[in-house]
Amino acid sequence: MHKVFISGSMRIKNLDRNVLDRIDGIVGKGYQVIVGDADGVDSSVQNHLLLRQCNSVIVYCSGERPRNNVGNWEVKKVETTAAPGTRAYFTAKDIEMAKNCDYGMMIWDTKSTGTLNNSIELLSRKKASLIYINKAKEFVKVKEVEDLENLLKFMSESAFNKAEQKLKIREKIASLKNEQGSLF
């Protein structure tokens, strides 16, 4: 069974019809959905999956219990030594979801570094992701480093600079290109 990791920006509370249709397609194909426990996209996706009576869902959380699990689905607790509430603490579950999925679908506000990092994490694992640019109302596929570079063009300069500071995006891109180049 295919597993789809769905995540997105905490600032996005309402899912666009395009996203809901994609989620319905994933559910309709019988794929398993793995989703986080955060507010925003995670909880909105959970609410939609509950509405669709989807049972093939696993909710990932860092620590003992999820912040959100509206459907009382199976929970995957991710152990981490990072301090509770820190970026590293919550990133631990995202890394596990990236490891355990086949594909990713992200709903992005062009600012969230967590969502961007999830796409980079998937790309580093040779897994494709489909990113919905919420403002532009369009999907962007990220399968290659060049796709990631095109995705970054949706960011404002200040959002990119903040992401560069937090994630070291230029280093990650150089590393991915080096890795990709060494395959040939």
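The values are calculated or read from the model by the stated rules, or taken from the named source; none is laboratory data. The model shown is predicted, which means the values in this text are computed figures rather than measured ones. Note: ideal-geometry Cβ built from the backbone for every residue, glycine included; neighbour counts use all protein chains shown. Surface accessibility is based on the protein's heavy atoms, side chains included, excluding ligands, DNA and RNA. Shrake-Rupley method; radii C 1.70, N 1.55, O 1.52, S 1.80 Å.
Structure above, values below:
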{"item": "Pair list, Cβ under 7 Å, 6 or more apart: the range 6-19 residue closer than 17 Å to Leu51 by Cα and open to solvent by less than 60 Å² (accessible area, probe 1.4 Å), other residue assigned to a loop (DSSP other than H, G, I, E, B) and not hydroxyl-bearing (Ser, Thr, Tyr)", "result": "Asp16/Asn134; Asp16/Lys137"}
{"item": "Residue in the range 89-102 that is under 17 Å from Met10 (Cα atoms), more than 17 Å from the chain's Cα centre (by Cα) and open to solvent by 50 Å² or more (accessible area, probe 1.4 Å) present", "result": "no"}
{"item": "Pair list, Cβ < 8 Å and 6+ apart or interchain, from the range 66-91 residues that are under 14 Å from Leu49 (Cβ atoms) to residues that are in a loop (DSSP other than H, G, I, E, B) and of a type in the set (Gly, Ala, Ser)", "result": "Asn68/Ala38"}
{"item": "Of residues in the range 65-77 being part of a loop (DSSP other than H, G, I, E, B) and not hydrophobic (A, V, I, L, M, F, W, C), the one most open to solvent (accessible area, probe 1.4 Å)", "result": "Arg65"}
{"item": "Options Thr80, Thr86; residue that is more than 22 Å from Ile12 (Cα to Cα) and either surrounded by fewer than 18 Cβ atoms within 10 Å (Cβ to Cβ) or touching a helix residue (DSSP H, G or I) at 6+ places or on another chain (Cβ under 7 Å) (or both)", "result": "Thr80"}
{"item": "Of all residues making up the range 94-128, the number that are among the small types (Gly, Ala, Ser) and without any contact (Cβ under 8 Å) to a residue 60 or more places away in the chain", "result": "3"}
{"item": "All positions within the range 78-102 that are over 23 Å from Ser112 (Cα atoms) and not polar (S, T, N, Q)", "result": "Glu79"}
{"item": "Residue ID - farthest from Asn68 (Cα to Cα), chosen from residues in the range 20-42 that are open to solvent by less than 20 Å² (accessible area, probe 1.4 Å) and of a type in the set (Gly, Ala, Ser)", "result": "Gly40"}
{"item": "Matching option when the condition is more than 14 Å from the chain's Cα centre (by Cα) and either surrounded by fewer than 18 Cβ atoms within 10 Å (Cβ to Cβ) or among the hydroxyl-bearing types (Ser, Thr, Tyr) (or both), among Lys168, Lys141", "result": "Lys168"}
